[in-house]
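Single-structure report; data block below.
The values are calculated or read from the model by the stated rules, or taken from the named source; none is laboratory data. Model, not experiment: these values are computed from the prediction. Reconstructed Cβ throughout: ideal geometry from the backbone, glycine too, with neighbour counts over all protein chains shown. For accessibility, only protein heavy atoms count, side chains too; no ligands or nucleic acids. Shrake-Rupley method; radii C 1.70, N 1.55, O 1.52, S 1.80 Å.
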Amino acid sequence: MANPSSLAASLSPEASPDLVKRAELSEIDASTKAPAIFLLGSSVLWLLLGTVFALIASFKMHSPNFLGDYEWLTFGRIRTAHLNAVVYGWSVNASFAVAIWLMARLARGVLRHTGLLFTATVFWNLGVTIGIAGILLGDSTSIEWLEFPPYATPLLFVAYALIGAWAIITFRFGKSNHIYVSQWYILAALFWFPWLYSVAQIMMIFSPARGTVQSLVNWWFAHNVLGLWFTPIGLAAVYYFLPKVLGKPIHSYYLSVLGFWSLAIFYNWAGVHHLIGGPVPVWVQSAGIAASFMMVVPVVVTAINHHMTMVGSFGALKTSPTLRFIVFGAVSYTLASLQGSSMALRSWNEVTHFTHYTVGHSHLGMYAFFTMVMFGAIYYILPRILLKEWPSAPLISVHFWTTAVGVIFYVVAISVGGLKQGFEMNNADIPFIETVKNTIIYLELRSYAGVLMTVGHIAFAVNFTWMLAKRRKAGATAPTLFRTGPEIELEASAR
Amino acid sequence: MNRAPLIFLGIFFALAFSWTGIVLVNQISYGDLTPVYDENDGIAYPQALPGIAQQGRLVYQDLGCVYCHTQQVRRPGFGADIERGWGERQSVARDYIREPRVFLGSMRTGPDLRNVGTRYVDTPTSKAGSEWHHRHLYDPQITSPGSNMPPFKFLYETRKIVGEPSVNAITHLLPEQYQPEAGYEVVPTKRAESLVAYLLSLKDTYAYPETNNVYVEPAPEETKAAGQKEESK
Amino acid sequence: MEDWFYYLVALPIALLFLGSAVYALYWASRNGQLKEFERGAASIFDEEEPVGLETDHFPGKSPRRG
């Protein structure tokens, strides 16, 4: 890269018109291989680690003496390590992988600057590792969703800046003459996150705002990580994989655009609903409630669109693992969002705020929606970049059924427990300790659900590792699963 | 046509809108709240925490207490915060302005701690407040059977008695099954002491002008100290 | 604080949100942002993976003809 003209050519399409040609899909997929495998590999490791943390935290909630003598495993730390491992380790790594693969495919160009991307992902994982070690050792900031100690965050920021720069370059090199809605979501998410993250870091940690302005910044950030990072990436994946797997265009492209803009406008005000009744100005709370309620618009629009695309093709759920996970995720998105809107209503918030019900809601969003969509996307992407099939169909089924049943069981158990807790907590005649004791049984049920989900994660990890280790068939240019009928017949007649 | 710039503009303004509304406007409108100087008391409220309590605040932070305990009292009629005795009045923004990091919290697995310093109190003649906290932290089952709060035994040191027993030892406060072997004593570490000091310091009892608008539980014995509460009626 | 106060404040803000959304849509349609939706929806398909081809199956199961 010493030659300045070649550097310019690699950064801008105008400088090198001869480079502009549409690439073959398989060529594009292959170009994403190195960074995507690294990202997916690390995301699976973080998923397993985050699951272990989750189980320890969950057991501790009903059996407080479990591992009670270890300071670094105390609930306040292990719970935080769980959140950060599954959010910044598993979810962000997976979403990076899915986003770059989608970006490359939708821009119709082979991936450029994989070195840049690779450096970024190494930095990211380094930052997450240092951050989680810091939390366990007692350096947590105790700011929800921003617990990484200040010595870990610059690494994350560098990583993020590199990925953002990469995304812009890829987009500029795009050969597609149309910006598909998934690209809107991904580009928006890539743009929003650094803004949120830098404002939050500055106003919370490096130069803290005074008093409860901090809390506003905190929830503006924390809720928008969900709404303006994970939700757009998850929806981008749904908007791509749902029509792609079925082989039919999305029901209404118009609705998908409407959904995008209404989400962009309403979601980012909604975070204040975490502070209803708190010591922050009443008008911001009201704005948060209003925005949360208006979220019904993008959610219903998106739900209708997804459902109408599926109509007539439900049979494909039997044959496609990707579709199963994606559809499960899309339905959960609708449920989680409508639940979220209802929880912002003052009378309902009075009951559910500060209870385990909120924990159920967050798992409905981050797990039943986002994580399941990522699983589905990985089942689609990995065969195409490795040019091999998944080694075991039964393991895929085990993965789907344990996680699907597990998370439903989880959400139902913890929500019922949370509601009971909420109603009892608002009745001052019931001693507080009784409200605690009455939740224990639900917390135990939650642990069982967690064990079930763990089984699914192990099945997934085994299949994943096996796939990486498996040898590719000689001469394979594509996984057999997406070869079309005629090709297979040709091959058969040649034998 | 290339619509990317237009889309980008839309994306930019969407977030700029909430950033301005939620973060910027509030930072400008109440980001520089100042303490209120009470001429009768000769004290500016809220008061700064004593040094040892500041250290305890950091222990509270590193152990993640905030994930199960809130520090905010909601207004009467919205939840049962006041009825449960978690505070005499609703928390207001000014209560938090001295805190380098605000621990409002979002979960009540355990009770609200905003005014825990009024519930367990040390007086010149009695250490009842800190003794309760030490027993509770050592193992919550001692004071609150059935609680799911984790034990914090690791904040205490069991050590051999060399010469005179330590004056800080909490051995005598612990029930029989927690007693160390003969010749040993249980002593709080510096962190345990500072955490307890922090918990003892948590109280918002001063009535600021703005709390008059909200609601103040009549508290006759504190009327003198709090000065302005009369007007709240 | 009375409940009506919240709704008095919340309602206009909701309407403001709604208004800005409607305006954004109006602007988008004026600018031709909403045209060619069918082409948009079809842009993820091509001759390699055409409309009508299901592209994902459990491993080992023979793919259905497109």
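Which of the residues that make up the range A:227-243 are free of Cβ contacts under 8 Å to residues at least 60 places away in the same chain and of a type in the set (Gly, Ala, Ser)? Give the steps one after another, and end with the answer.
First, pick out the residues of the range A:227-243 that are free of Cβ contacts under 8 Å to residues at least 60 places away in the same chain: A:227-228, A:232, A:239.
Within the range A:227-243, just A:227 meets the criteria.
Quick one: residue B:197 ticks every box in (1) over 25 Å from the mean Cα position of the chain (by Cα); (2) among the aliphatic types (A, V, I, L, M); (3) under 23 Å from residue B:52 (Cα atoms) except a single one, so which number is it?
(1)
Check off (1) within 14 Å of chain B (Cβ to nearest Cβ); (2) open to solvent by less than 50 Å² (accessible area, probe 1.4 Å); (3) not hydroxyl-bearing (Ser, Thr, Tyr) for residue A:111 and give me the number that stays unchecked.
So residue A:111 meets the others, but not (1).
Rundown of residues vs (1) of a type in the set (A, V, I, L, M, F, W, C); (2) free of Cβ contacts under 8 Å to residues at least 60 places away in the same chain; (3) closer than 20 Å to residue A:239 by Cβ; (4) surrounded by fewer than 19 Cβ atoms within 10 Å (Cβ to Cβ), yes/no style:
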position: A:279; (1), (2), (3), (4): no, no, no, no
position: A:286; (1), (2), (3), (4): no, yes, no, no
position: A:291; (1), (2), (3), (4): yes, yes, no, no
position: A:304; (1), (2), (3), (4): yes, yes, yes, yes
position: A:307; (1), (2), (3), (4): no, yes, yes, yes
position: A:317; (1), (2), (3), (4): yes, yes, yes, yes
position: A:321; (1), (2), (3), (4): no, no, yes, no
position: A:337; (1), (2), (3), (4): no, yes, yes, no
position: A:343; (1), (2), (3), (4): yes, no, no, no
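Tell me, please, whether a residue that is over 21 Å from the mean Cα position of the chain (by Cα) and not polar (S, T, N, Q) can be found in the range A:226-247.
In the first step, residues of the range A:226-247 are kept if they are over 21 Å from the mean Cα position of the chain (by Cα); the result is A:246-247.
From what is left, the residues that are not polar (S, T, N, Q) are A:246-247.
Yes, the conditions are met somewhere in the range A:226-247.
Out of (1) modelled with pLDDT under 80; (2) assigned to a loop (DSSP other than H, G, I, E, B), the odd one out for residue C:56 is which?
(1)
Do we have residue A:117 as more than 22 Å from residue A:56 (Cβ to Cβ), open to solvent by 10 Å² or more (accessible area, probe 1.4 Å) and aliphatic (A, V, I, L, M) here?
Working: more than 22 Å from residue A:56 (Cβ to Cβ): yes; open to solvent by 10 Å² or more (accessible area, probe 1.4 Å): no; aliphatic (A, V, I, L, M): yes.
The answer is no for residue A:117.
Just need a number here: residues in the range B:27-61 that are part of a helix (DSSP H, G or I) and modelled with pLDDT of 90 or more.
11
Within the range A:141-148, is even one residue part of a helix (DSSP H, G or I) and either in contact (Cβ under 8 Å) with a residue 24 or more places away in the chain or of a type in the set (Val, Ile, Thr) (or both)? Before you say what the answer is, go through the steps one by one.
Step one: list which residues in the range A:141-148 are part of a helix (DSSP H, G or I), which gives none.
Within the range A:141-148, not a single residue is part of a helix (DSSP H, G or I) and either in contact (Cβ under 8 Å) with a residue 24 or more places away in the chain or of a type in the set (Val, Ile, Thr) (or both).
Would you mind finding the one in A:152, A:159 that is small (Gly, Ala, Ser), under 18 Å from the mean Cα position of the chain (by Cα) and at pLDDT 90 or above?
Numbers: A:152 fails: under 18 Å from the mean Cα position of the chain (by Cα).
Result: A:159 is the single residue among A:152, A:159 that is small (Gly, Ala, Ser), under 18 Å from the mean Cα position of the chain (by Cα) and at pLDDT 90 or above.
Can you pull out the helices (runs of 4 or more DSSP H) entirely within the range A:335-416 that have at least 2 residues that are under 17 Å from residue A:322 (Cβ atoms), within 14 Å of another protein chain (Cβ to nearest Cβ) and modelled with pLDDT under 95?
The helices (runs of 4 or more DSSP H) meeting that bar are A:372-386.
Could you tell me which residue of the range A:26-40 is modelled with the lowest pLDDT, considering only residues that are out of contact with any Phe, Trp or Tyr (no Cβ under 8 Å at 6 or more places or on another chain) and open to solvent by less than 60 Å² (accessible area, probe 1.4 Å)?
We begin by selecting, within the range A:26-40, every residue out of contact with any Phe, Trp or Tyr (no Cβ under 8 Å at 6 or more places or on another chain); these are A:26-28, A:30-31, A:33, A:37.
Those still in the list that are open to solvent by less than 60 Å² (accessible area, probe 1.4 Å) too: A:26, A:28, A:30-31, A:37.
Numbers: A:26: 81, A:28: 85, A:30: 84, A:31: 84, A:37: 93.
Among them, the one singled out is A:26.
Quick check, is residue B:123 closer than 19 Å to residue A:421 by Cα and either β-branched (Val, Ile, Thr) or surrounded by fewer than 21 Cβ atoms within 10 Å (Cβ to Cβ) (or both)? Break it down stepwise before answering.
On the way: closer than 19 Å to residue A:421 by Cα: no; either β-branched (Val, Ile, Thr) or surrounded by fewer than 21 Cβ atoms within 10 Å (Cβ to Cβ) (or both): yes.
Answer is no for this residue.
Tell me which residues, restricted to the range B:71-118, are more than 24 Å from residue A:201 (Cα to Cα), more than 9 Å from every other protein chain (Cβ to nearest Cβ) and in contact with a Lys or Arg (Cβ under 7 Å, 6 or more places away or on another chain).
If the condition is that a residue be more than 24 Å from residue A:201 (Cα to Cα), more than 9 Å from every other protein chain (Cβ to nearest Cβ) and in contact with a Lys or Arg (Cβ under 7 Å, 6 or more places away or on another chain), then B:86, B:87, B:115, B:117, B:118 are the ones that fit.
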